[in-house]
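Report on the structure given below.
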Amino acid sequence: MKPITLTQYLIEQQRLGGHVTSELRLLIQTVAQACIAIGHAVNRGALAGVLGGAGSDNVQGEAQKKLDVISNDILIEANEWGGHLAAMVSEEMEHPHLMPAGYPTGPYLLLVDPLDGSSNIDVNVSIGTIFSVLPCPAAGAPVTAASFLQPGSNQVAAGFAVYGPSTMLVLTVGNGTVSFTLDRDMGTFVLTAPAVKINEDTGEFAINMSNQRHWTAPIRRYIDDCLAGKTGPRGKDFNMRWVASMVADVYRIISRGGIFMYPADQRYKEGRLRLMYEANPMAMVIEQAGGAATDGVRRILDIEPSALHQRIGVVLGSKNEVAQVAQYHQ
Ligand code: AFP
């Protein structure tokens, strides 16, 4: 069968009406192209002198890697000229980035984690880019941080790239979740999973076990019961994975099921992951693939944000397992 490219998929979604406008199609194509450029820089690694620290901190007070800054710059340069964006928010920038004076603007807001999994850059483990698209409220009014503070249910598109053995692009425009594989010879993303569906049950959890002493009681009990295996309350054995790149853990979960957990704990009282450009886009992708995404109890996409860089606890993946975790909180 003739391969379907990202462009063809988006044009089809545009024809289906309601899901994709021509500006949204251009925005997604532009972000995908930027991901190809970021993936190229990541693959070059030491040969391009892009490994190691940038010698600066981001708004989270975290030391930036050179590739964090490079990825952010690539996404900004790619999206300024197109006329599809009103403004951008990034993990790497404290304030929204408005389109430069004189540049055309459009009806969308883009939020990105330009390079997720930065602690894995220098050790050659999969990393990625996460993006979320919101409608820009009150077109014409000046864009401020408040323009971005919309619940995740308002997203019109979301997705992520994984720079791994293959470069993958996972995308939803609100009509299911699909994934593409980068054809490096052609420089195009080719549709390789046209209807992603996450198994409702799983025997595989992903959590950073070194945080165990910080967890709340319900999370401790849930993990203890998983570890008790077949003879324990769950009546089955569980496997564990933890890549420390959310994009890699989530890609595994959309491929074979599983549950990913970074719960709020005594150390990260609000949670570690960021709501606007990590939890929200991943929650949309997961729900559109038949999974669930909560902060342990509340549906992530219902949460009303109060700050651009606010953090949130995250439990997402196979929906029956996510429901189990909520049960432990009852
Ligand atoms: P970095 O981008 O700062 O490495 O954080 C990655 C991340 O946000 C997410 O991708 C991982 O699942 C999680 O943090 C890893 O956190 P730990 O390093 O505490 O396990």
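The values are calculated or read from the model by the stated rules, or taken from the named source; none is laboratory data. The structure presented is a predicted model; accordingly, all values stated were derived computationally and were not measured. Glycine also receives a Cβ, built like all others from the backbone with ideal geometry; neighbour counts cover every protein chain displayed. Keep in mind that these areas ignore ligands, DNA and RNA; they rest on the heavy atoms of the full protein, side chains included. Shrake-Rupley method; radii C 1.70, N 1.55, O 1.52, S 1.80 Å.
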Quiz item: Accessible area of Leu98, 1.4 Å probe, to the nearest 10 Å²?
Solution: 90 Å²
Quiz prompt | Of Val325, Val89, Gln33, farthest towards positive along the dipole that unit charges on Lys, Arg, Asp, Glu beta carbons give the chain | solution = Val325
Quiz item: If the viscosity is 1.567 mPa s and the temperature 4 °C, what translational diffusion coefficient in µm²/s does Stokes-Einstein give for the stretch 6-193 when Rh comes from Kirkwood over Cα pairs?
Solution: 76 µm²/s
Practice problem: Using only C-alpha positions, report the orientation-averaged shadow area of the convex hull of the stretch 204-329, nm², one decimal. | Solution: 7.1 nm²
Practice problem: Report, largest value first, the span of the C-alpha coordinates of the chain along each principal axis, in whole Å. | Solution: 64, 49, 46
Self-check item: Solvent-accessible surface (1.4 angstrom probe) belonging to Leu149, in square angstrom, nearest 10
Solution: 50 Å²
Exercise. In whole angstrom, note down how far apart the Cα centers of the stretch 296-330 and the stretch 88-160 are.
Key: 21 Å
Quiz prompt | the chain, accessible surface, carbon-and-sulfur percent (1.4 angstrom probe) | solution = 52 percent
Quiz item: How large is the accessible surface per residue of the stretch 204-329, computed with a 1.4 Å probe and reported in Å² as a whole number?
Solution: 38 Å²
Quiz item: Are any of the pairs Lys269/Lys319; Lys197/Lys230; Lys2/Lys197; Lys2/Lys66; Lys197/Lys236; Lys2/Lys319 more than 30 Å apart by Cα-Cα distance, and if so, which?
Solution: Lys2/Lys66; Lys2/Lys319
Exercise. Find the accessible area per residue for the stretch 6-193; the probe is 1.4 Å, ligands and nucleic acids are left out, and the unit is Å².
Key: 39 Å²
Quiz prompt | Dipole magnitude (debye, nearest 20) for the chain, charges at Cβ of Lys, Arg, Asp, Glu | solution = 760 debye
Quiz item: Leaving out ligands, DNA and RNA but keeping every protein chain, what accessible area does Asp237 have, in Å² rounded to the nearest 10, with a 1.4 Å probe?
Solution: 90 Å²
Practice problem: Sort Arg234, Arg220, Arg15, Arg213 by accessible area with a 1.4 Å probe, largest first. | Solution: Arg15, Arg213, Arg220, Arg234
Quiz prompt | Antiparallel DSSP beta bridges within the stretch 204-329, as percent of all bridges there, nearest 5 | solution = 65 percent
Quiz prompt | Structure-based [θ]222 nm, the chain - -39500 (n - 2.57) summed over DSSP H runs of at least 4, per residue, nearest 500 | solution = -9000 deg cm²/dmol
